[in-house]
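Engineer: Sharing a structure with you now.
The values are calculated or read from the model by the stated rules, or taken from the named source; none is laboratory data. Keep in mind that this is a model prediction, so the values were computed, not measured. Virtual Cβ from ideal backbone geometry, glycine too; neighbours counted across all protein chains shown. Heads up: the accessible areas ignore ligands, DNA and RNA and are worked out on the full protein's heavy atoms, side chains in. Shrake-Rupley method; radii C 1.70, N 1.55, O 1.52, S 1.80 Å.
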2 protein chains.
Amino acid sequence: MPNYVVGHKIPDSDSICSAIALAYLKTTLGEPTVPARLGELSPETLFILDKFGFEQPELKTSYAGESLYIVDHSDRVQGPDDIDQATILGIIDHHKLGDLTTSTPLECWIRPVGCTNTIIKMMYDFHDVAIPKDIAGAMMCAILSDTVIFKSPTCTTADIKCVEALAEIAGIEDPQELGMDMFKVKSAVEGTPVRDLVLRDFKDFNMNGNLVGIGQLEVIDLAIFDEMKADLEADIIKLKQEGKRHTVILLLTDIMKEGSEFLVVSDDAAIIERAYDVTLTDNKVWIDGVLSRKKQVVPPLQDAFA
Amino acid sequence: MPNYVVGHKIPDSDSICSAIALAYLKTTLGEPTVPARLGELSPETLFILDKFGFEQPELKTSYAGESLYIVDHSDRVQGPDDIDQATILGIIDHHKLGDLTTSTPLECWIRPVGCTNTIIKMMYDFHDVAIPKDIAGAMMCAILSDTVIFKSPTCTTADIKCVEALAEIAGIEDPQELGMDMFKVKSAVEGTPVRDLVLRDFKDFNMNGNLVGIGQLEVIDLAIFDEMKADLEADIIKLKQEGKRHTVILLLTDIMKEGSEFLVVSDDAAIIERAYDVTLTDNKVWIDGVLSRKKQVVPPLQDAFA
């Protein structure tokens, strides 16, 4: 019976590419391991898999009785629902430490860097395993996505050096150009059902007992949302009710202007205003410089809820 | 203001030596960091510090407003009481993943190996920092202690190779001989107050909401306890009451016979019998082959409480 590697619900490119990369590494080290996913893939991730010739990882949501590695999260609500009946062999992540626990010793590689794949590269180096060309390309794209082509405040020197090394292995001359192609795919939101957009990159958090959902759409020009903003706002109200959430925030991130508009629906909007030191107008506010959910959006809110 | 490194309450040699080793590494990397401790040191740890010329790390129990690294645990009850008011920069550990959480990204090096210091050695290698001779000696002793001179089922190839490498740096020809000297110091229990013995290597665990304390005394010959066993049993009954614990277990481990006698006091002794598939006689049972609290004692009990 193989082990599995799985990222968070509503997988993003980092969750998928790190699952593929870690599964190859573990299998090479003599431990048969299969990449898996908890949900449907975004256009950006499909673009990456297509470019480097990968199939979609197996859709697998139940892990009772299985052994698995967790990538790109350590929060209980973001992982498989039956994780308590599985054995967690390890966690590779670059977020805050969440509430997963284990009853046996495990392997955790958690670093305050921009992308899980930067850490997976460290694991390949530690074990002195060569990264295949196609896997290097996918890993590189995940880092460019997570760091918003190095613009995000989460981006570290390690991420930039890692992209350089992976680009050389993959034979890609201009990683940033490929990054822009990827963000163009990500920006193509027209014609997509509103709910699909809201859930495209959406994560739930347990903040002091309150369920808080935070979605993010990163685009090259925020004007693309002008026609559909009212629909997005109406949909996050529904999403909040359906999931019995305390708060839903949708971040509309302009990667060129380098900031985000927050669309907010909350049982207590004052918490949000206090967390970011802003005043909401019609449940919205633009905050300059905010590109990163994990570094700029989650921590102040978590502290405000504490 | 420097950062701190601190291990668990009732520090053992691994907690202290890894704090010293990590503080030196971080300071060398440009991040002034000070080793600290949460309690009094055992004779074994004092023997190691004396042998390699170290002062005792600063006794510091409050960390509100400070930034710190946590070594050798990730369980809330084992760390500083005001950890929620501190910033956890990282965790280096070799146990199960406990219930510490953070609101910001951090650095975690957690591996299923025999000793935290084996992981710290990986960190030195990763950063290409030379380990000073005295620090190498202390790290080596901590690994010999935690792995019971390689006899514990927690001991891995990585631990053995690490001891070999550290012995060479420290200029120690026969690490195992030094290990036996250390265990002789550890075995000198006569004349020590009973409560000091019970608490010498004692850890609390939160098992499904129940406070469970597990102490361990590792000696070369269990006969040394013949005269004092009744006193030890009386004292763990008191310790259970004082701390409102559900269960207290004291492991009397014979490192030559390679097994442990369990002294048990519990609100529900059947849980203990079920966890280890044994029958207690007068609240005691010898279990052959049990040397490791973290690998052989905690996981079955945690599962039995789940």
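Engineer: Using the alpha-carbon atoms, what tilt in degrees (0 to 90, nearest 10) does helix A:13-28 show relative to the longest principal axis of chain A?
Structural biologist: The helix A:13-28 is inclined about 20 degrees to chain A.
Engineer: Nearest 100 Å² is fine: how much accessible area is buried between A and B, summed over both sides, with a 1.4 Å probe?
Structural biologist: 2200
Engineer: From the helices alone, meaning DSSP H stretches of at least four residues, give me the mean residue ellipticity at 222 nm for the protein assembly as shown, per-run term -39500 (n - 2.57), in deg cm²/dmol to the nearest 500.
Structural biologist: Computed mean residue ellipticity for the protein assembly as shown: -11500 deg cm²/dmol.
Engineer: Roughly speaking, what is the stretch gain from A:Ala269 to A:Lys51, that is 0.36 nm per residue apart minus the C-alpha to C-alpha distance, in nm to one decimal?
Structural biologist: Residue separation times 0.36 nm, minus the Cα-Cα distance, leaves 74.2 nm.
Engineer: Mind running the shape call on the range B:266-306? Use the C-alpha gyration tensor, a ≥ b ≥ c as the square roots of the eigenvalues: rounded below 1.5 for a/c, prolate if a/b tops b/c, oblate otherwise.
Structural biologist: It comes out oblate by the Cα gyration axes.
Engineer: Taking only Cα atoms, what is the 0 to 90° angle, nearest 10, from helix B:157-170's long axis to the longest principal axis of chain B?
Structural biologist: The answer is roughly 50 degrees.
Engineer: About the Cα centre of chain B, how large is the charge dipole given +1 on each Lys and Arg Cβ and -1 on each Asp and Glu Cβ? Please answer in debye to the nearest 20.
Structural biologist: Charge dipole, chain B, about its Cα centre: 520 debye, nearest 20.
Engineer: Looking for one value pair here: nearest-to-axis residue in chain A (by Cβ) for the rotation onto B, and the distance in whole angstrom.
Structural biologist: In residue-and-Å form, the answer is A:Cys108, 2.
Engineer: Roughly how far apart, in whole Å, are the Cα centres of the range B:218-295 and the range A:77-106?
Structural biologist: 31
Engineer: Moving to a separate point now. Give me the net charge for the shell around A:Ser15: Cβ to Cβ below 11 angstrom, other residues only, Lys and Arg +1, Asp and Glu -1.
Structural biologist: Result for the neighbourhood of A:Ser15: -3.
Engineer: State, as an integer percentage, the relative contact order of chain A based on alpha-carbon contacts under 8 Å between residues 6 or more apart.
Structural biologist: Relative contact order comes out at 13 percent.
Engineer: Magnitude of the Cβ-charge dipole of the protein assembly as shown, K/R +1 and D/E -1, about the Cα centre, nearest 20 debye?
Structural biologist: 420
Engineer: Turning to a different aspect of this structure: Place the label 7 angstrom along Cα→C-beta at B:Glu164 and in each other copy, then list the distances from the first to the rest in nm, shortest first.
Structural biologist: 3.6
Engineer: If you don't mind, there's one more thing I want to ask. If you line up the long axis of helix A:116-127 against the longest principal axis of chain A, both from Cα atoms, how many degrees apart are they, to the nearest 10?
Structural biologist: Roughly 20 degrees between the two axes.
Engineer: Let me ask something else. Mind giving me the FRET efficiency for B:Lys229 and B:Thr27? R0 is 45 Å, r the Cβ-Cβ distance, nearest 0.05 is fine.
Structural biologist: For B:Lys229 and B:Thr27, the calculated efficiency is 0.50.
Engineer: Moving on to the next point. Provide the per residue accessible area, probe 1.4 Å, for the protein assembly as shown, rounded to a whole number of square angstrom.
Structural biologist: 38
Engineer: Let me ask something additional. Please give the length that would be gained between B:Asp288 and B:Asp128 if that part of the chain were fully extended, namely 0.36 nm times their separation in residues minus their C-alpha to C-alpha distance (nm, one decimal).
Structural biologist: That works out to 53.4 nm of additional length.
Engineer: With r as the distance between the Cβ atoms of B:Ser67 and B:Gln241 and R0 = 35 Å, compute the FRET efficiency 1/(1 + (r/R0)^6) and round to 0.05.
Structural biologist: 0.40
Engineer: Enter the per residue convex hull volume of the range A:194-305, computed from alpha-carbon coordinates, in Å³ rounded to the nearest integer.
Structural biologist: Dividing the Cα hull volume of the range A:194-305 by its residues yields 90 Å³.
Engineer: If each residue of separation counts as 0.36 nm, what is the full-extension length gain between A:Thr281 and A:Asp82 once their alpha-carbon separation is subtracted?
Structural biologist: 67.6 nm
Engineer: Could you give, in nm with one decimal, how far A:Ala64 is from each other copy of that position, shortest first, with labels 7 Å out from Cα toward Cβ?
Structural biologist: Between copies, matching label points for A:Ala64 lie 4.6 nm apart.
Engineer: At q = 0.11 Å⁻¹, what log₁₀ I(q)/I(0) does a Debye calculation on the Cα points of the range B:3-184 give, no solvent, two decimals?
Structural biologist: Log10 I(q)/I(0), no solvent term: -0.41.
Engineer: Ok, one more. If I compute solvent accessible area with a 1.4 Å probe over the protein chains, what percent of it on the protein assembly as shown is carbon and sulfur?
Structural biologist: 49
Engineer: I'd like to know how chain B sits against the 2.2 N^0.38 Å rule of thumb: what's its Cα Rg over that expected value?
Structural biologist: After normalising by residue count via 2.2 N^0.38 Å, the value is 0.96.
Engineer: Taking N as the number of residues in the protein assembly as shown, what is its alpha-carbon radius of gyration divided by 2.2 N^0.38 Å?
Structural biologist: Rg over 2.2 N^0.38 Å, computed on Cα atoms: 1.02.
Engineer: Placing the label point 7 Å from Cα along the Cα-to-Cβ direction, what are the distances from A:Asp99 to the equivalent spots in the other copies, shortest first, in nm to one decimal?
Structural biologist: With the label placed 7 Å along Cα→Cβ, A:Asp99 yields 1.0 nm.
Engineer: For peptide B:2-15, how many partner chain Cβ atoms fall within 10 Å of a residue's Cβ, on average?
Structural biologist: Partner Cβ neighbours, averaged per residue: 0.
Engineer: Considering the options A:Ala269, A:Thr45, A:Thr27, tell which one lies farthest towards the positive end of the dipole of the protein assembly as shown, charges being +1 on Lys and Arg and -1 on Asp and Glu at the Cβ, about the Cα centre.
Structural biologist: The residue sitting most towards the positive pole is A:Ala269.
Engineer: How would the range B:54-161 be classified by its alpha-carbon gyration tensor: rounded, prolate or oblate, with rounded meaning a/c under 1.5 and the a/b versus b/c comparison settling the rest?
Structural biologist: prolate
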